[in-house]
Amino acid sequence: MPIALRFAARSDLGLGPKSRNEDSGYAGPNLLVLADGMGGHAAGDVASSMIVGELAPLDDEAVGADQAVARLERALRRANAKLTKAVRENDELTGMGSTTIALLRAGNKIAMAHIGDSRAFMLRGDTFTQITKDHSFVQQLVDEGRITREEASRHPQRSVVTRVMTGQPDDEPDTSLREAKVGDRLLLCSDGLSDFVGADVIEEIVKEAKTPAEAADRCIEVALKASTRDNVTVIVADVVPSDTVLTSTTPQVVGAAQSRLRARTRAIPTSPAAKAAALSREATGRSEDDEDEDDPVELAEEGTARSRRSRTIRRGLGAIVILAVLVAGGYAAYAWSQTQYFVAADAGRVTIFRGVSQDLGPISLHHVEMRSDVTVSQLPVDVQGAVDGAIPAVSLSDAVAKVSRLRQEADRCRALAESGTTCGSTPVPATTPSGVPTPTPSHSATPRPTATTLYTPPPMPEVRK
């Protein structure tokens, strides 16, 4: 039986410290997209809205089941490339990224692409199932049998993601194609819901709500009652027969994408094609007038730029030979570097990097592995210096442990600030004449990390000729 989607999308700022909504959502007749942005000053909302803008045109295309997954993958690669370009052109966007869930209807099937820790669920009959798998540190611990799912829901590192859209070439989503049946109900949500509301409560809401709009509204309401400290976005869609009379087929855009769409367009478009086109313009930064005709000045500048690039390429041919020799000689060192980890500041936040903190000429020997919610400015001055200078770690788990200790120190500083006491530097234990450390008075029984105890420099690798 041919199918259609009856949908609803809702988003709320939440009760946390964020001054802007960094989530973006899009729900249309053929496409559902949810993106939870992160990083930078105003970068989270930029990343999520750019991704939604790049995917939105898929809603207005007839896609066969054999093409749907490939279409989603290509659109996400284009979106990722635009994130890369945006960061290169604006340093303030450095460190931005976004989770993404996209569901594309193709006939009687649903193609899905997913990266990050936002979640998708399906209610079929009485069975409520999570159909995505989190790309997160705690999910790795669950997979390895080191913690249970119940422990994962309370783990202090549950917000640490291991894979999101950041503009890096290895930001690859999981994809799948599944059958859709009349009566199915789909739920997409950001962690502003799933981190603060139990799965059993979400299931009850999804089962009892009469319409997608009612389910979405109740999810937002319950998240706020649970004092969610994050942006919360929910998309609900029912699979119905194609001949069902739908109250509306106008796409719904919520969160950051809605705000940026209102800011850039003269009037809010209502048709699927117009709304998709407007979001696509928002993703590329082009205005409506830009699409009418090409600017001769721009064309001339592009020709000059191409000429300069050609000369640069010719002059660089000789350098390529030398670079090839250097690359061959440095491959072993690079391979070793990618087994290392360190903790450092990135866009004002404590971040785990894979690799070493140095660069080899134009070649970066490190990339972001995980981003935390710890702000460097919240730490004591001496610990800030350690983070700014990079803290080596012997493994990924060691790096996560160091981030956990930094989070404890940030929490301590916040507690002191609330009581009107300056956090200052982290105290280093004094020593007695016999050389035995003497305890330092503390308001907490938890030992405080210091700039000298956060890490021990690892041994340098042996280099052989």
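A few remarks follow.
- Complete set of residues in segment 156-207 that are more than 20 Å from VAL222 (Cα to Cα), acidic (Asp, Glu) and either surrounded by 17 or more Cβ atoms within 10 Å (Cβ to Cβ) or not assigned by TED's automatic domain parsing to the domain that holds VAL222 (or both): ASP171, ASP184
- Selection count where residues are more than 17 Å from the chain's Cα centre (by Cα) and assigned to a loop (DSSP other than H, G, I, E, B), scope segment 71-106: 1
- One residue alone among ASP382, ASP388 is closer than 19 Å to GLY348 by Cβ and either outside the structural domain of LEU365 (by TED's automatic domain parsing) or loosely packed, with under 13 Cβ neighbours inside 10 Å (or both), and that residue is ASP388.
- One residue alone among ALA226, ALA216 is out of contact with any strand residue (DSSP E or B) (no Cβ under 8 Å at 6 or more places or on another chain), hydrophobic (A, V, I, L, M, F, W, C) and within 22 Å of PHE121 (Cβ to Cβ), and that residue is ALA226.
- LEU15 being out of contact with any Gly (no Cβ under 8 Å at 6 or more places or on another chain), in the same structural domain as ARG119 (by TED's automatic domain parsing) and surrounded by fewer than 24 Cβ atoms within 10 Å (Cβ to Cβ): yes
- Taking the criterion of being modelled with pLDDT of 90 or more and assigned to a strand (DSSP E or B), the residues of segment 140-179 that qualify are MET165, ASP174, THR175, SER176, LEU177, ARG178, GLU179.
Yes/no per residue for (1) over 15 Å from VAL234 (Cα atoms); (2) out of contact with any Gly (no Cβ under 6 Å at 6 or more places or on another chain); (3) in the same structural domain as GLY167 (by TED's automatic domain parsing); (4) modelled with pLDDT of 95 or more:
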residue	(1), (2), (3), (4)
ARG20	yes, yes, yes, no
VAL69	yes, yes, yes, yes
THR84	yes, no, yes, no
LEU104	yes, yes, yes, yes
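- Segment 208-243: number of residues that are farther than 19 Å from LEU32 by Cβ, surrounded by fewer than 17 Cβ atoms within 10 Å (Cβ to Cβ) and charged (D, E, K, R): 6
- Checked against (1) hydroxyl-bearing (Ser, Thr, Tyr); (2) assigned to a strand (DSSP E or B); (3) modelled with pLDDT under 95, THR129 passes all but condition (3).
- In segment 50-78, the residues that are more than 14 Å from LEU32 (Cβ to Cβ) form Cβ pairs under 7 Å with partners that are β-branched (Val, Ile, Thr) and outside any helix (DSSP H, G or I), at six or more places apart or across chains, as follows: VAL69/THR175; ARG71/VAL63; GLU73/THR175; LEU76/THR100.
- Options VAL222, VAL234, VAL197, VAL206; residue that is assigned to a loop (DSSP other than H, G, I, E, B) and out of contact with any His (no Cβ under 8 Å at 6 or more places or on another chain): VAL197
- Within the option set ARG158, ARG154, being more than 30 Å from THR250 (Cβ to Cβ), touching a residue at least 24 places away in the same chain (Cβ under 8 Å) and out of contact with any Lys or Arg (no Cβ under 7 Å at 6 or more places or on another chain) holds for one residue only, ARG158.
- Members of segment 180-194 found to be in a loop (DSSP other than H, G, I, E, B) and touching a Ser or Thr at 6+ places or on another chain (Cβ under 8 Å), listed by number: SER190
- Any hit, segment 109-127, residues being more than 15 Å from the chain's Cα centre (by Cα) and without any contact (Cβ under 8 Å) to a residue 12 or more places away in the chain: yes
- Flag for VAL436 being over 22 Å from ASP346 (Cα atoms), aliphatic (A, V, I, L, M), exposed (fewer than 11 other Cβ atoms within 10 Å of the Cβ) and at pLDDT below 80: yes
- Flag: SER190 does not match the condition of being among the hydroxyl-bearing types (Ser, Thr, Tyr), closer than 30 Å to MET1 by Cα and under 23 Å from the mean Cα position of the chain (by Cα).
- Test: residue in segment 38-55 that is aliphatic (A, V, I, L, M), more than 14 Å from the chain's Cα centre (by Cα) and under 16 Å from ALA81 (Cα atoms): yes
The values are calculated or read from the model by the stated rules, or taken from the named source; none is laboratory data. Please read all numbers here as calculations on a predicted model, not as lab measurements. Neighbour counts are summed over all protein chains in view; Cβ atoms, including those assigned to glycine, are modelled from backbone coordinates with ideal geometry.
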